[in-house]
Amino acid sequence: MATATPSCPDIAAIVRQVIAELRTAPPPAAAPAAVGGPVAGPSSAGRHGIFTSVDEAVSAATEAFHQLERSGIAGRKKAIEHIRRISIDDAVELGTMEFHETRIGRLEHKIEKLQTLGARSPGVEFITSEVFSGDHGLAVIEHAPFGVIGAITPVTHSLPTITGNAVSMIAGGNTVVVNPHPSGKKVAAEGVRRFNAAIHRDIGIDNLVCLVAEPTLDTAAALFNHRGVKLICVTGGPAVAKAALQSSKRAIVAGPGNPPVVVDQTADLDRAARSIIQGAAYDNNLLCIAEKQVFVVAEVFDKMLAAMERAGALRLTGAQVDALTAKAIVMAGEGAHRHPVPCKDLLGQDAAVLARAAGANPREGLELVFGETAPDNPFVPTEQMMPFLPFVRCRDVDEAIHRAHESEHGFRHTAIIHSHDVRAMTKMGRLLDTTLFVKNGPSVAGLGLGGEGYLSFSIATPTGEGVTTPLTFTRQRRCTLVDDLRILGSAEALT
Ligand code: NAD
């Protein structure tokens with residue numbers, strides 16, 4: 001049916017009527033004014049980042065991105081302050097929630113990880129500009145945001161990874177939609193809800209961090225392929241790393257590791273033992289950087305095992321190691337893809353649980369179990385994520401480095417050496433070529449915990465960005481001013 005075109009008097013009447021209705025309409029529900037001013041279109045404010053649909057989450061994160069753009073560095077700083085404060089102040093409550101939901105790791109470390117990521121994740125201080133000035137004016141290189149980032153997070157540190165990602169991504173001016181691991185989705189949602197509620201109350205921007213509340217592989221794929229997502233950042237094991245590397249979007253990939261340790265005859269064995277226990281026992285060996293297998297030169301092998309016992313670890317007999325291996329490492333996959341994986345029932349469990357599974361009697365407060373194994377014991381090549389370490393006897397440091405290289409699978413993630421021989425350090429560093437290489441300390445020192453440097457729980461290995469910072473989540477933008485601000489040529493040119 002054709003519609004009649006209204007005449008000029010009709011239009012005037014319609015305008016009068018609309019104005020009259022606007023004057024009598026009730027005011028809209030009170031909402032905090034966004035720092036950057038109101039946004040056109042339907043708003044998702046009030047959802048505090050929790051969505052069941054990827055489309056809705058990306059749309060809300062896009063709206064939040066435009067508000068953040070207008071809020072400047074000051075707005076980013078305020079938002080980040082809330083994420084830091086909640087991660088630190090609510091660490092006991094949220095850490096306990098994560099511990100009960102995921103059922104892996106150690107309660108005290110779940111709490112500590114939240115506090116650490118809240119306090120130490122790199123923020124806006126990393127966003128600086130570079131300037132080139134010369135005869136022809138100047139060029140300013142700025143670090144601009146990508147927009148909405150799609151993030152995948154692991155079960156091993158569900159909320160701490162979100163804290164770290166959110167701080168660095170927002171510092172770079174971005175917003176983020178997270179597809180969390182299904183086994184850590186509740187604590188992830190609770191943290192995200194608290195972050196957004198506080199930020200919204202303070203600066204009027206909601207949904208800077210969005211979360212898919214019922215995450216699946218399908219929602220992950222939808223996030224990877226969404227037109228509104230400008231960059232992907234995944235933190236996880238081999239399957240998700242492969243999926244991200246094959247995606248059509250640019251991806252920051254924090255992939256798996258299997259960090260080997262080499263101990264040679266020049267090492268301080270007691271210091272090495274204390275370091276190995278500190279790194280490998282942390283959160284029951286869930287960290288991707290944590291010591292997973294140890295190669296010791298024969299000359300000091302027995303002394304090193306004695307040092308481990310002196311430092312408090314429990315040594316298993318050969319029969320006990322065999323019993324534990326049979327229970328802890330199982331086969332997965334089909335045909336050529338068949339490979340050993342950690343058994344879910346023992347992954348991230350306490351050292352006492354592993355000791356009992358092996359048939360040993362643990363003492364109160366035991367942190368780590370260890371034992372001598374052959375180089376082909378499945379604990380050696382498997383990223384087992386348990387507080388048990390296989391120790392392999394090697395003829396000399398060359399063999400130890402060679403075996404360490406083999407066990408790392410070319411992930412180029414993390415390696416550790418205890419030695420005072422610079423040539424051995426250099427040889428291992430060159431051969432393994434890992435993103436983190438720690439000498440004479442625990443693996444966590446590689447993230448600045450007891451060592452130097454900054455920290456992140458997303459260490460981009462195959463894509464090469466390393467320990468991620470806000471700059472990882474920015475793109476370079478160049479602003480060029482030609483000839484002006486320069487006095488060249490004759491004085492008359494100025495008049
Ligand atoms: P995981 O690989 O099982 O899961 C990680 C995330 O990826 C989860 O959210 C999961 O749902 C998702 N996922 C899995 N397969 C996927 C696919 N095909 N497509 C899309 N999403 C997929 O790992 P996890 O057990 O949660 O965490 C432990 C692993 O993560 C270890 O391998 C560890 O080394 C690695 N990790 C790496 C870093 C790093 O910084 N490099 C940090 C933490 C953990």
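The values are calculated or read from the model by the stated rules, or taken from the named source; none is laboratory data. Just so it is clear, the model here is predicted, and its values are computed rather than measured. Virtual Cβ from ideal backbone geometry, glycine too; neighbours counted across all protein chains shown. These area figures cover heavy atoms from the full protein model, side chains too; ligands, DNA and RNA do not enter into them. Shrake-Rupley method; radii C 1.70, N 1.55, O 1.52, S 1.80 Å.
Quick notes on this one:
- Considered as a group, the residues in the stretch 412-449 that are under 26 Å from G236 (Cβ atoms), of a type outside the set (D, E, K, R) and open to solvent by 30 Å² or more (accessible area, probe 1.4 Å) include one that is nearest to the ligand (Cβ to nearest atom), and that residue is T435.
- Per-region count, the stretch 142-155, residues open to solvent by 10 Å² or more (accessible area, probe 1.4 Å) and either among the aliphatic types (A, V, I, L, M) or in contact with a helix residue (DSSP H, G or I) (Cβ under 8 Å, 6 or more places away or on another chain) (or both): 6
- Enumerated strands (runs of 3 or more DSSP E) restricted to the stretch 51-156, each holding at least 2 residues that are assigned by TED's automatic domain parsing to the domain that holds P238, away from the ligand (no atom under 16 Å from the Cβ) and more than 30 Å from H226 (Cβ to Cβ): 130-134, 137-145
- Cβ pairs under 7 Å, 6+ apart, first in the stretch 137-151 and on the phi > 0 side of the Ramachandran plot, second not in a strand (DSSP E or B): G137/D483; G137/D484; G137/L485; G137/R486; G147/F65; G147/N174
- Residue in the stretch 278-299 that is open to solvent by 10 Å² or more (accessible area, probe 1.4 Å) and small (G, A, S) present: yes
- Among the candidates G279, G257, residue that is at pLDDT 95 or above, assigned to a loop (DSSP other than H, G, I, E, B) and either more than 8 Å from the ligand (Cβ to nearest atom) or within 21 Å of G446 (Cβ to Cβ) (or both): G257
- Leading residue by the ranking (farthest from K242 (Cα to Cα)) among those in the stretch 399-411 that are away from the ligand (no atom under 16 Å from the Cβ) and open to solvent by less than 10 Å² (accessible area, probe 1.4 Å): A400
- Residue check for S247: in the same structural domain as E112 (by TED's automatic domain parsing) and hydroxyl-bearing (S, T, Y): yes
- In the stretch 173-185, of all residues being surrounded by fewer than 24 Cβ atoms within 10 Å (Cβ to Cβ) and touching a strand residue (DSSP E or B) at 6+ places or on another chain (Cβ under 9 Å), the one that is farthest from F51 (Cα to Cα) corresponds to H181.
- Every residue from the stretch 450-475 that is open to solvent by 30 Å² or more (accessible area, probe 1.4 Å), within 16 Å of the ligand (Cβ to nearest atom) and out of contact with any strand residue (DSSP E or B) (no Cβ under 8 Å at 6 or more places or on another chain): G464
- When each of L431, L447 is tested for being farther than 28 Å from E112 by Cβ and of a type in the set (A, V, I, L, M), the lone residue that passes is L431.
- Any hit, the stretch 300-312, residues being in contact with a helix residue (DSSP H, G or I) (Cβ under 6 Å, 6 or more places away or on another chain) and either in the same structural domain as S183 (by TED's automatic domain parsing) or open to solvent by 10 Å² or more (accessible area, probe 1.4 Å) (or both): yes
- With respect to being out of contact with any Pro (no Cβ under 9 Å at 6 or more places or on another chain), surrounded by fewer than 22 Cβ atoms within 10 Å (Cβ to Cβ) and part of a helix (DSSP H, G or I), K242 fits the description.
- Residues (within 23 Å of E408 (Cβ to Cβ), in contact with an Asp or Glu (Cβ under 9 Å, 6 or more places away or on another chain) and part of a helix (DSSP H, G or I)) located in the stretch 284-324: N284, N285, A298, V300, F301, L305, V321
Okay, residues lined up against (1) assigned by TED's automatic domain parsing to the domain that holds V296; (2) open to solvent by 10 Å² or more (accessible area, probe 1.4 Å); (3) at pLDDT 95 or above:
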residue	(1), (2), (3)
G335	yes, yes, no
D350	yes, yes, yes
R356	yes, yes, yes
G365	yes, yes, yes
L368	yes, no, yes
P381	yes, yes, yes
M385	yes, yes, yes
L389	yes, no, yes
C394	yes, no, yes
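- Count of residues meeting criterion [open to solvent by less than 40 Å² (accessible area, probe 1.4 Å) and away from the ligand (no atom under 16 Å from the Cβ)] in the stretch 195-229: 13
- Lone unmet requirement of (1) of a type in the set (A, V, I, L, M, F, W, C); (2) open to solvent by 20 Å² or more (accessible area, probe 1.4 Å); (3) under 33 Å from the mean Cα position of the chain (by Cα) for V321: (2)
- Taken over the stretch 383-417, the residue count meeting the criterion of being assigned to a strand (DSSP E or B) and more than 19 Å from A328 (Cβ to Cβ) is 6.
- Residue check for A188: surrounded by fewer than 23 Cβ atoms within 10 Å (Cβ to Cβ) and part of a helix (DSSP H, G or I): no
- Options R103, R70, R84; residue that is open to solvent by 40 Å² or more (accessible area, probe 1.4 Å) and under 19 Å from the mean Cα position of the chain (by Cα): R84
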